[in-house]
Amino acid sequence: MESAEQFSEDKQGQYKSFKLEGIMEAPLGICVTCDKERNGPIVIGRTIKPEMDVYSTVCAIQNMWLAARAENIGLGWVSIIHDDVLRSALNIPEELEIIGYLCLGYVTKFKDKPELEDFGWLPRENLDQLIHKEKWSKKRD
């Protein structure tokens, strides 16, 4: 598995134990794209920061995620499929930017904390280390 190979040996085994087959089991898969050419080359809100269309698309995914959760639907953002595989399988034109592939399905229970935290993959970061007031301050060790 290509993604597993990028981690240290001890993390590779742990990565391979994660339940990634949910991609195939999910009753619904949605590929979210961004058409950077829609509405022409000059669009209000993208004159200084042209990447705002991508950010807006990501915000739409977040809104979908929150709405799904409210309806007891689990949503997973799949990041282990190459864009060229999605592009080929779904016949997505080259001019569209693939933002994400999402798996959705009903769940019996939502966990209290993210699975990767439960697995000991990464600890949750302290919010105080991530929020800066007035000016940026170096907080990380």
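The values are calculated or read from the model by the stated rules, or taken from the named source; none is laboratory data. Not measured: the values here are computed from a predicted model. No Cβ is skipped: glycine too gets one built from the backbone with ideal geometry, and neighbour counts run over all protein chains shown.
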### Message
With the requirement that a residue be within 30 Å of Arg38 (Cα to Cα) and not in a strand (DSSP E or B), what does region 94-141 give you?
### Response
Glu94, Glu95
### Thr108 being modelled with pLDDT under 85, loosely packed, with under 11 Cβ neighbours inside 10 Å and either among the β-branched types (Val, Ile, Thr) or within 29 Å of Gln6 (Cβ to Cβ) (or both)
no
